[in-house]
1. Let me know the shape class of segment 322-416, please: from the alpha-carbon gyration tensor, a ≥ b ≥ c as square roots of the eigenvalues, rounded when a/c is under 1.5, otherwise prolate if a/b is greater than b/c, or oblate.
2. Assuming 0.36 nm per residue, please report the length gained on full extension of the stretch residue 133 to residue 151 beyond their Cα-Cα distance.
3. How would you classify segment 64-165 from its alpha-carbon gyration tensor, with a ≥ b ≥ c the square roots of the eigenvalues: rounded for a/c under 1.5, else prolate if a/b is greater than b/c, otherwise oblate?
4. Fewest Cβ neighbours within 10 Å first, please rank 274, 113 accordingly.
5. Between residue 430 and residue 200, what FRET efficiency follows from the Cβ-Cβ distance if R0 is 25 Å, with the result rounded to 0.05?
6. Tell me the label-point distance for the pair residue 359, residue 245, using the 7 Å Cα-to-Cβ offset, in nm and rounded to one decimal.
7. Sort 116, 258 so the one with the fewest other Cβ atoms within 10 Å of its own Cβ comes first.
8. Using the count of nearby Cβ atoms within 10 Å as a rough guide to exposure, how do 171, 387 rank from fewest to most?
Ligand code: HEC
Ligand code: HEC
Ligand code: HEC
């Protein structure tokens, strides 16, 4: 009798701990998915506690504050049901029914499977430390303050279908497609947008400006995209920011790599690369011209004879120590001859690199020159680089440098907040116009 009781107790305990282990697994899986979704990029303020929000997302019409998504019942999402959490993540609707701005990338998360939402929910309810400080409220001026305008935008543009695997493709391809289209939200940055700021379906990943940084064409087009990259080169780029192809990640891409992609399972990186390399070729709006014809050696002579343009003198003073007098790099530092940053449809990334520097979490860094060079100098320098080492057809004006400097929020990711707001403004104006027309017809 005692024996069978203790056996029963043992069995119960075993069952309980198996249950607990399963719950732990779910939380661990959720933590991984939160990394893949880069939730911390927006929801963790610099130096602040994890996921407590408060990060102000600067936009031209005001700041949108990322919410506290810790399990605090007073300040965060503690006590939310799984259905409420799922609705916020995939439909952009908060617990009390108010609409979120698409600064929260619910348009990408909409494709998440129920199983993944469940794991994320388990993590945010059980794996995250509650923080009881509420994030400050977002106060936007009218008409942007009307969150309901997002309902119309959602009706027009939000695709609500869960990701559906393509049975004709491999398991790796489908895993890559799922990650790219949902959690890793590559299209949020790399796909051009229409006048209402929704992604253009027919031009997936063909390249788009984020206001400051330009997210280049990453379709399989061999001239404008990354069609020439091997599987290994793309895997290396996605996990380290370096590729051996003349591309190195800076700005928002480096941030996505440092905080999210570099922490993913190599199998998931391989899957992402498999899928991305298969994205149909599109030329986008870009037509890189001819690579600069000015031979690097001529520049040396020009410098010695004092016939060098102002840009060359600046290059020699500030850049040559690392990138080489002839732009050929070395000692692990990138060459500028043939550098992809100088073969884009815009020189914005070269300017942003000079202003902000490149500061990876590991490896060699490039210092920021924002305080050392004025707008005119940066324009001269980058135009010289374009002519000497890149696409000579692309020029930079001091006015553009001033603009980039002013809009140069530290994170291009955060600049995406504008997307929803501009859309909201346009929709509101359309609505007001429609209402006026109706009213005049009736009157
Ligand atoms: C690009 C920035 C960004 C990323 C990445 C991001 N969020 Fe958000 N999220 C926001 C912003 C901004 C808000 C508030 C939007 C508003 O007030 O309209 C928000 C709101 C939310 C809300 C609603 C909170 C509430 O109280 O209404 C939840 C839940 C949420 N995010 C969860 C997540 C999760 C989980 C992830 C990762 C899978 C994630 N977010 C990734 C920016 C982001
Ligand atoms: C927050 C915005 C953002 C997100 C999200 C993002 N990218 Fe990028 N990506 C950029 C920017 C900006 C650059 C240009 C970086 C530079 O020139 O230093 C870039 C560059 C790249 C490049 C280099 C292309 C070239 O020709 O040099 C590849 C490849 C790439 N991204 C792939 C991806 C993939 C795959 C994803 C999703 C897993 C992704 N990116 C998500 C903004 C983003
Ligand atoms: C202290 C060394 C150093 C100096 C000085 C320096 N750089 Fe860099 N540069 C780097 C490093 C490191 C990288 C990033 C390499 C990597 O991530 O592989 C880089 C990258 C770049 C890129 C490519 C960025 C991208 O995102 O694609 C450009 C363009 C560039 N530098 C231009 C310049 C110019 C112009 C100057 C002078 C104003 C300069 N660099 C000065 C070290 C330096």
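1. Details: a/c = 1.61, a/b = 1.13, b/c = 1.43.
Note, shape of segment 322-416 comes out oblate.
2. My answer for the length gained is 3.6 nm.
3. Details: a/c = 2.40, a/b = 1.06, b/c = 2.27.
It is oblate, given that a/c is not under 1.5 and a/b is not larger than b/c.
4. Fewest-to-most Cβ neighbours within 10 Å comes out as 113, 274.
5. 0.85
6. The answer from the label model is 2.8 nm.
7. Values: 116 23, 258 18.
Listing 116, 258 from fewest to most nearby Cβ atoms yields 258, 116.
8. With the fewest neighbours first, 171, 387 line up as 171, 387.
Since every read-out is calculated from the coordinates, none of them should be taken as a lab result. Nothing here was measured: the structure is a model prediction, and the numbers come from that model. Methodologically, a virtual Cβ is constructed for each residue, glycine included, from the backbone with ideal geometry; neighbour enumeration extends over all protein chains shown.
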